[in-house]
Every structure is written in structure tokens, then in C-alpha cells.
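A short worksheet on the structure shown next.
Every number here is computed from the coordinates shown, using simple stated rules; none is lab data. In this text, all values refer to a predicted model and were calculated from it rather than measured experimentally. Please note: Cβ atoms are built from the backbone with ideal geometry, for glycine as well, and neighbour counts cover all protein chains shown.
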Amino acid sequence: MSTALLSIRDVHLAFGGLKVLDGLNLEVKAGEIRGLIGPNGAGKTTLLNVICGLNRPQRGDVRLNGVSIVGRKPSAIARLGLGRTFQTSQLFRGMTVLENMMLGLHRRTRTGLISAGCNGRRRRSEERAMEAAARNALSFVGMADLAERPATALSFGQQRVIEIARTLISDPSVVLLDEPAVGLSANRLSELDALLRKIRDQKGVTLILIEHVIRLVMGVCDQVTVLSSGSAIADGPPAAVRNDPAVIEAYLGRELSARYQAS
Amino acid sequence: MLFSYLLMSGVTTGALYGLVALGFVVVNKATGVINFAQGEFFMFAGFIAWMLHVQLGIDYFLTFALAVAFGFMLGCLTDRIAYRPLDKTDVVSLVLATVGTAFVLKGLARLIWGGKADYLAFPPITSSDPIMLGNVMVIPQQLAVLAGTAAILVVFTLFFRLTRTGKMMQATADNARAAALVGIRTDRIYTLAFGIGAAIAAAAAVLTAPLTLLYPDIGFAFFLKGFAAAVLGGLNSLPGAVLGGLIVGIAESMAGGYIHSSVMELSPFVVIMVVLTLRPSGLFGSRMRRV
Amino acid sequence: MVAPFGRRNVLLALFAAASVLPAVANVYQLFIANLMLVYVLLAIGLNILVGYAGQLAFANAAMFGIGAYATGLLQVRLGCSFWLAFPAGALVAAAVGLAISLPALRLSGLYLALSTLAFAQATQWVFLHWESVTFGAGGFKTPPLSFAPLPIGKPLGLYYLSLALLVVLFQFAQNLVASRVGRAFVAVRDGEVAAQSLGVDLLRTKALAFGISGFYAGIAGGLYSAMLNFVAPEGFDLFQMVLQKSMIVVGGLGSITGSVLGAGLMIIVLEALRAFKGLQEIVFGVLLVGFVLFMRGGLVSVLKRHVRGWEEPLRLPQRAPPAAAPRALEAAAGGAEP
């Protein structure tokens, strides 16, 4: 096998009669930021679901660090170092921002029933460490002053950033981001761009992001994969992919793309 | 001889359970919710029918109509109180609200009617002389129950398939937001669903009343049996509900006759637990919305 | 800074009152107070399962019964002493809780409610009909409980035993919900999918919640059987379940202190309406609907808003925030391109 951190081989997934993933192949190297684009219905979110274990493919393999993760429980895959954000806000509404962050450390902590209930030494020291780590993680994304706020008292942009921070706090090796830029204003967009680069540079985390905001994808991704109808139709540096005729056709359809290319 | 007797008895009670189950399915088809007060609608309508027919001497068929109308209104009222004001994604609140409603109804019935004697008898409507169908002995009221169930099933299947309102209800169940966006008054649909569900329960009660004794706790018993039938048939399927009811009724009757009478009470619980654990979509349910 | 009506102080005051109560109460009042302690335990366990972990289960009354029956039957059928039967009974209830969490894993919301309800009814049926073991409808008497060598009678001894257990288990629950485990419960309640993506194992977390509530209910059941010296099928039925649900709703879902307040108040209401079963049903039904509609966070949410110094950790289930910004906004901001 290559030095791929995450490798997806010949994945097929159909829901009832509808084929959503059709022989998909993808390889992501450690440390890169990979963009995943494509028209609606191409299977991008489904692919993320397959990687993180929420959907099981009928055929194919997914390997993380050479280890096959197909068929494992999502929580087990998460514990192997895979993180994910979702299209809609998934902050836990019954907790504060700080507590949300501390939950992000769940897989790296061990306080169990007895220690928690009896307020044993392990619990107390872990709680202190978790709180410190949580505050640090919030500072990293510039939101340290929001720690005590209830998760429901955040603006949309703040929610998205904190969710990313929550996914990062346990130091995963790969993070899947599902449309992190949706609904963001132009200002927030450049902040997100800077944040993603900062994450890649300072934390060495591999990122895979689904996005429709092409400016972001072209700006921050090292490599871009284009999905259409359940398989990858192009794969390469952003500039190359942008001009690929197959990609243009996938987005615009045959007639319009012919006109576009003629002009 | 025992077998055919048990079968007939099972089919009759099964038809009743099917009716109660129909009420569940109608509400569920439109709102995605199970109304925990469904059994109490049944019970209360039965008591109202008793009051109308036995105490006030009103004719049976008129009583039937009045009780059904009353049931409808009770259902609409419940929607206004325990469903409309609530956040539809907050399942805990939705369930607890209908549970609370059920208890209020039960308490009211106990206060109004339970004082003198806890069990009320409804006189037989048809002659209680059994008829022989082939070599099976049948009481005419049982036939009335079967006929009533079949009629209601047909009416509602046609309603959902052919009428505009019926289709609007299905649309709302499928995707409430989209339905609202195309102009369907989802609030009204919910109210209608609750009302119809309760009306069906009322019809079932008036059909049943001559065959059984009425008491305030009867609601919960029928609730569970009706739910077992509904879940067995698949909560989206009208004919499935009736078939589920027949199965539960026959199984109960057979178990009671051949094993022991006490096992009869146990069967709905077992059905519910087994079906929900092994095959939540039941026998005929279509792709289950997240169970 | 001392907050006179802060949560801690109110709880301390209640504890102090409870400790000296036997000196001024008559036998009946002591019994009611003991009953309150038992129900607080039930409410705490149920709140952990329903309020924190979001599992809408209706089996708690059955666990209560299982605890009572197990404690009683171990004494009567196997000759165990109460001091052995009691913890054993609680463990049996906890084990049953764990067992039903397995099928519960695939069910949520309504379907979980109904399958646990069916389970509860099936348990009732077993209490009623498995006469060779459970003595059937008539129930059975348990051996008198003695606190020898301590020179105190049963009512007093049992009361202080209940109080001591309650203090310990209250603190345990309080610690638990403020820890990693408690956060995992709330995560499962508020976002199962996201919780999994952060490494929370759904099965273990739900099983833990079911097991804990089973244990608390089992302890309550054992104490209850000793209070009455008698165990019978009624008392663990649907009305019981609704009573317990109203306790946690009135007190406050997602609040251990709320369980204390809710249970105490509901027992008072129950006793006040002792003579009229029909009225009881109406009152509890109205309370349930009323609080669900108008005071979702229970009494605790009101106290939190109006009483200075009432530090209640944020766990009450919150309403969904406004929907995410639609895509149209993004296009308008010039972000989207073909």
C-alpha cells in the first residue's frame, strides 16, 4: 500500500434501488487538505457517512492507516482518530460551550461510573485537565470568551467554528468537514480559510472537506476530488480540476458546457 | 367445535383491536405521533354511549352517530391542548402530554360514572340468540362488529387514496415542512387526524359496548392491544392494522382456550416487545421513519 | 458570598429538617416522610435515564417492583436476611435494566416508550400470575425487620437507613452528572450521531443509564418492601409510572435537585388526595400536561431564573435553536460559483 492515510477502494452503496456510490476510489495522504466537490446528489455526504461508519457499503473497503474500518461502529472508528462535522449544527444544546468541548475529549479520557460517582482522584484530575484543554482549544479558534455560554446562545458562525474546535480537541489524525462554509458571510469565509490553514500547519491534521463555496476550495485545498453520480471523475490540484472538461460537464450538463467551452 | 368457537371469538375481538389500531394508524400516518390517549378516547366514548343509550334511552344508531361525533370533537380538543402547542421534535413532551391527557380522561370517567358501580353493562342491541353460520355459532353483534370494521377500513382506504384531504394528510406525514411550503395547512391536518382517530375509537367502542362491560381502565387495555395490532401490521398500513388486529385477537383467543386463560392478557405485551425488537416495520409497514 | 436561598443551602436545610423530623412526627407522618425518601430515589434514577440520557422509558415502575419482589422473595423463599436480600434485590433490578437496554438500543422516542411500557405490563403479569414464585395477586408478607443490636425500632431505623442511602446516592448522582459520564448522557440525548463521531459508545452509555436507573429503583423497591412488610402487584402499575414521570417533569428534567423537589411535592399532593383515586388521576394528568406545556424545565428552571444564587448546572433540555442560515444568504454574499 502507498503512504495514504485514508484509502477508499471500489466502494458501492445503494439505498433501495438508488445507487449512490458507484465504484468510488479515493486516496488521501497524511497532512493534506483535500476538497470534495461535485453537483448535488453526487454522493459526497454519503461518502463521508461511509468513511465514518454511519453507512455500510455493499462492496468495497475503507482503510485508515492501513487498517480496514468498514463495518465498525461509528464510535469505534472515531476512537481510531477520525473526526467529523455535519451540515447542520450538532452542538449539544443542553450544555455550555466549555462542556461541549470537554465532551470532545471523551475518547481520550477514562473516568468511568465509579470514579465519577464517588468523585475519586482520577475524576478530579481528569476534569481539571479536560477543562484546561478545552479552554486552550477555544483559544486556538479565538473563542475563549464564549466558554461559559450555553450552546444555544451562539451565532451561526460561532457554532460552526466551535464544532470544528470540538472535533479537533482530541487530536484526531483525519477530520471530515461537511460544508463548513454554508451560510457564512464573506468575512467569516476568510476567517474559516485562515483557520483551516492554521489547523493544517499547526496541528498536522489531515482534512477532507465537502464544499460548494468554490473560492474556499480553490484557495485552501492542496488537492481536489470531483464526484459525480457516485464516482470520482477528476482528481488533482485545484487549478487543473477547475478547467477539466469532464468536471464542467458534470456541473453544467452537456449543452451548457459546450457553450461555455466554445465561448 | 372448540376451535371454531375460539376462532370466531378471536376474529371478533380481533376486529375490534383492528379498529382501535386503525385509529392509531390514521393519526400516525398524518402526524408521526402515537396518541397515548387513544384508549381513553375509546373508553370515554363508550361511557358517553352508555349514558345516551341506557340512561337517556336514545336509539342505538343515533347513539352511534352522536358518540362518533363526540369522539371527533374530543380528538380535536386533544390536538389543540396536547399537540399543537408543542415542538414537534420534542418527543418526550409529546408523549408525556398525551399520557397526561389519558389520565385526565380516565379520572374524569371514574368521577362521573365510576361512583355507583365500577362496571357498566350495555344491553345487547341485536337479539342475543346465536345464529349458525355453517357449523360456527355466532352472535349477531359480533357480525355487526366485523361489518363495521370492514366498512371503516374501506372508507378510510378510499379516503387516503382518493380524496384531496387524504392525500394532504399523507403529504404532511411524509414531510411536514414541504407540505407547509406548498400551502397545506398542516395545523388543520393534525387536528383532523386526531379527530378522525378518536372518532374511529368511538365507533369501535359503541360497537363493542354490547359485548363487554365498561369500566374506566378498559381504555388502557385496548390501547395496548390496539397498539400491538398496529405495530404488527406496520404503523403505516391501514389494512395491516386490521390484519394485525385479527392476528392478535385470534392468537389471544387460541392461547386462552388451549393454554390458560391468564395467558390472554400477556399476548399483546409479547407481540409489542417482539415486533419492535425484531422487526419494527411490522408485517406490511413501508420504510419506517426512524423508529 | 453567602446566598441564603442558594441550592446548596436549601438542600442542607432540607437535610437538617429530615434528620430531626422523627423527633416531632407521629407514626403516620414518619411513614409519609419515609415514602418521600423512597420516591426521591426513584425520581433521581428516572431523571438520569429520561432527563439526562433522553431515553423515554416507561419501565421504572416495573424495576421498582422487581426490587421489592426480589428483596422480599429472597427473604421469604430462600431465607436470606434482609441485609443480604436488599442489595441483592437492587442488583437484580439493575441487571434487568441492563437487559432491556439492549433491545432499546434500536428504538427511540415513541417506540422505546411503548416497548418499555409493554415490558412493564408483562412484568405486572408475572407478579400476578406466576403464583408458585410470587404468591400471585394476594402478595406476601416479609419477615419483620430488626435493627438489633441498635436499640431502635423498625420505623425509625428504616427511616434513617433510607435517609443515609438517599444522601449517599444523591451525591453519587450529582457527581456523576457533572462528569464525563454525565456529559456523555446529555450528548446521547441531544445529538446521538455527533456523540458517536466523538467516540461515545451508544450501547455502553445507554446501558449505563438504564442500569443506574434500575439500581436506584431497586434500592427504592427494597426499602418500600421493608416499609410495608408486604409486597403485592398493585403499587407498580401504570399509575405509578405516571406518578414518577410527573415528579421529574414538575421538579425539572435534567436536574437531580429537581427530582428531590418534584418527588417531595408529588407525595404531598398524593397524600392530600388519598381518598379520591379519580381525582388523583386527573390532578397528575393535569400537572403533567400543564408542566410540559408551560414549564418545560420544571420548578428548577423557575428557581434558577428568580432565586439569586441558585447555581444549577445547565442540563435542562433546551429548545432547538433557530434554523441554520439558508443557502440563499451565501449566494447573496457572492460566495457561490458554478
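When each of C:MET247, A:MET101 is scored by the number of other beta-carbon atoms lying within 10 Å, the sequence from fewest to most is A:MET101, C:MET247. Rounded to the nearest whole Hz, the Karplus-based 3J(HN,Hα) values (6.51 cos²θ - 1.76 cosθ + 1.60, θ = phi - 60°) of region A:230-240 follow the sequence x, 9, 7, 9, 7, 7, x, x, x, 4, 5, with x at glycine and proline. In this label model, B:THR165 and B:GLN55 are separated by 3.0 nm, measuring between points 7 Å along each Cα→Cβ vector. Computed from the C-beta positions of B:MET132 and B:THR157, the FRET efficiency with R₀ = 30 Å rounds to 0.40.
Taking the longest Cα principal axis of chain A as reference, the axis of helix A:156-168 is set at about 80 degrees. In the Gaussian network model of chain A, springs joining C-alpha atoms below 10 Å, which of A:ALA78, A:ALA165, A:ALA239 carries the largest mean-square fluctuation? Judging by the Gaussian network model, the answer is A:ALA239. Considering only GluC sites (Glu not before Pro) in DSSP loops that have at most 14 other Cβ atoms within 10 Å, the longest stretch of chain C without any of them is C:1-233.
Let me know the number of lysine pairs in chain C closer than 27 Å at the Cα, not counting same-chain pairs under 8 apart. Before the final figure, lay out each step's value.
Numbers: C:LYS141/C:LYS154; C:LYS141/C:LYS277; C:LYS206/C:LYS245; C:LYS245/C:LYS277; C:LYS245/C:LYS304.
Counting lysine pairs in chain C gives 5.
Over the residues of chain C, the helix contribution to mean residue ellipticity at 222 nm works out to -23000 deg cm²/dmol, using -39500 (n - 2.57) for each DSSP H run of at least 4.
Would you calculate a helix-derived [θ] at 222 nm for chain B, using -39,500 (n - 2.57) for each DSSP H run of n ≥ 4 and dividing by the full residue count, to the nearest 500?
Numbers: 11 runs with 201 residues, N = 291.
The helix-only estimate for chain B comes to -23500 deg cm²/dmol at 222 nm.
Using the Karplus relation 6.51 cos²θ - 1.76 cosθ + 1.60 with θ = phi - 60°, the per-residue 3J(HN,Hα) values for region B:96-104 come to 5, 5, 6, 4, x, 4, 4, 5, 4 Hz, with x marking Gly and Pro. Normalise the Cα radius of gyration of region C:7-317 by 2.2 N^0.38 Å (N = residues in it) and let me know the number. Scaled against compact globular proteins, the figure is 0.96.
When each of A:ILE169, B:ILE81, B:ILE259 is scored by the number of other beta-carbon atoms lying within 10 Å, the sequence from fewest to most is B:ILE259, B:ILE81, A:ILE169.
When B:CYS76, A:CYS118, A:CYS52 are arranged by Cβ crowding within 10 Å, least crowded first, meaning fewest neighbours, the order is A:CYS118, B:CYS76, A:CYS52. I want the local charge near B:THR277. Using Cβ-Cβ distances under 15 Å, sum +1 for each Lys or Arg and -1 for each Asp or Glu among the other residues. Around B:THR277, the charge tally is +3.
Amide H to amide H distances under 5 Å link A:ALA234 with A:VAL226, where only residues 5 or more positions off or on other chains count and H is placed in the peptide plane. Its alpha carbons considered, the protein assembly as shown gives a radius of gyration followed by a Dmax of 30.1, 102 Å.
Bridges between two residues of the protein assembly as shown, per DSSP, are antiparallel at a rate of about 65%.
Under 8 Å for C-alpha pairs, at least 6 residues apart: give me the relative contact order for chain B, rounded to a whole percent.
Details: 500 pairs, mean separation 105.4, N = 291.
That works out to 36 percent.
Close amide H contacts of A:GLY94 (hydrogens built in the peptide plane, cut-off under 5 Å, sequence separation of 5 or more or a different chain): C:GLN318.
Under 5 Å between amide hydrogens, built in the peptide plane, is the criterion, and for A:LEU36 it picks out A:LEU209, A:ILE210, A:GLU211, A:THR225 among residues at least 5 positions away or on other chains.
Taking a Cβ cut-off of under 13 Å around B:VAL99, the surrounding Lys, Arg, Asp and Glu residues balance to a net charge of 0, with basic ones at +1 and acidic ones at -1.
Remark: spin-label model distance A:ALA262-A:ASP61 equals 4.8 nm, labels positioned 7 Å along the Cα→Cβ axis.
For chain A, the residue among A:LEU6, A:ALA132, A:GLY230 whose Cα projects farthest onto the positive side of the dipole built from Cβ charges is A:ALA132. Sequentially through region C:75-90, phi angles give Karplus couplings (6.51, -1.76, 1.60; θ = phi - 60°) of 6, 7, 7, 10, x, 5, 7, 4, 5, 9, 5, 4, x, 4, x, 5 Hz, Gly and Pro residues having no value and appearing as x. Sparse packing (at most 15 other Cβ atoms within 10 Å of the Cβ) combined with a DSSP loop state is found for the following GluC sites (Glu not before Pro) in region A:139-242: A:GLU148. Against chain C, whose longest principal axis comes from its Cα atoms, helix C:277-294 is set at around 20 degrees. Against chain A, whose longest principal axis comes from its Cα atoms, helix A:245-262 is set at around 40 degrees. Counting only trypsin sites (Lys or Arg not before Pro) that DSSP places in a loop and that have at most 12 other Cβ atoms within 10 Å, the longest clean stretch of chain B runs over B:117-286.
GNM on chain C, C-alpha springs below 10 Å: top fluctuator among C:PHE172, C:PHE215, C:PHE64? Ranking C:PHE172, C:PHE215, C:PHE64 by mean-square fluctuation puts C:PHE172 first.
Near C:PHE127: Cβ cut-off under 15 Å, other residues only, Lys/Arg at +1 and Asp/Glu at -1. The net charge is -3. Between B:MET132, B:MET168, B:MET51, the GNM of chain B built on Cα springs shorter than 10 angstrom shows B:MET132 fluctuating the most.
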